[in-house]
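Every number in this text was worked out from the coordinates using simple rules, so none of it is lab data. Owing to the predicted nature of the structure, the values given are computational and were not obtained by experimental measurement. Cβ sites come from the backbone with ideal geometry, for glycine too, and all protein chains shown count toward neighbours.
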Amino acid sequence: MIGVLALQGNFSSHVKVLGLLGHNSKLVKSPKDLDDIDGLVIPGGESTTMTKLINRDEKFFESIQSFSKNQPILGTCAGLILMSKDSFDSKVINLGIIDIESTRNAYGRQVHSFDAELSLEHGSKNDSFKASFIRAPKISKVGKNVEVICIHDDFPVAIKDGMHIATTFHPELKNETIIHKLCFGDK
């Protein structure tokens, strides 16, 4: 069973995509919800609001960090921001799960949102898919053990750090399963 952080943001689209891969989902709203899942999605949304909501329970950040030591986490857009080591915003508490630095809303405001055809490079495969960039962050620094698996306009937009994957875009809004499958497999 794959958990989807369901405090704020578009978690329902992730549940749908996981279902397309045959995964059962569980909405994660508290630290105890992490106990019986095999992976976690941190969806897009508003990273400052998500920080406030996670912070309501003083153990939630620590529980997610502890979970990340043994189970894969997929973060999209705001999820990438939260997972990064630093996002240079005092209103965001970064989990430090992936060795990157990120910049919030780096492509501009909502009106600057766009869709793009992307190419994911993993192993010997190269798969094309569509994704939406909505008030998307940019990855400003990539750690030495982080694998860049997708680039758009010369910027890394998807990375793999050990078992964790993070994207600056939303594959779930196009019902694309490729990123979720890479992180969690299919049933």
Spacing of the two label points (7 Å from each Cα toward its C-beta) at residue 55 and residue 91, in nm: 1.1
Going by average Cβ density within 10 Å per residue, which order do the peptides 17-25, 129-137 take, highest to lowest? 129-137, 17-25
Which of 176, 117 has the fewest other C-beta atoms within 10 Å, and how do the rest follow up to the most? 117, 176
Quote to one decimal, in nm, the extra length available between residue 16 and residue 155 on full extension: 0.36 nm per residue of separation minus the C-alpha distance between them. 47.2 nm
The chain - charge dipole about Cα centre, Lys and Arg +1 at Cβ, Asp and Glu -1, debye rounded to 20: 340
Top positive-direction residue, dipole computed over the stretch 2-184 with Cβ charges, set 71, 93, 23: 93
Given 25 °C and 0.890 mPa s, compute D for the chain with the Stokes-Einstein relation, Rh being the Kirkwood radius over Cα pairs; round to the nearest whole µm²/s. 153
Ranked from fewest to most other Cβ atoms within 10 Å of their own Cβ, 138, 144 fall in the order 144, 138
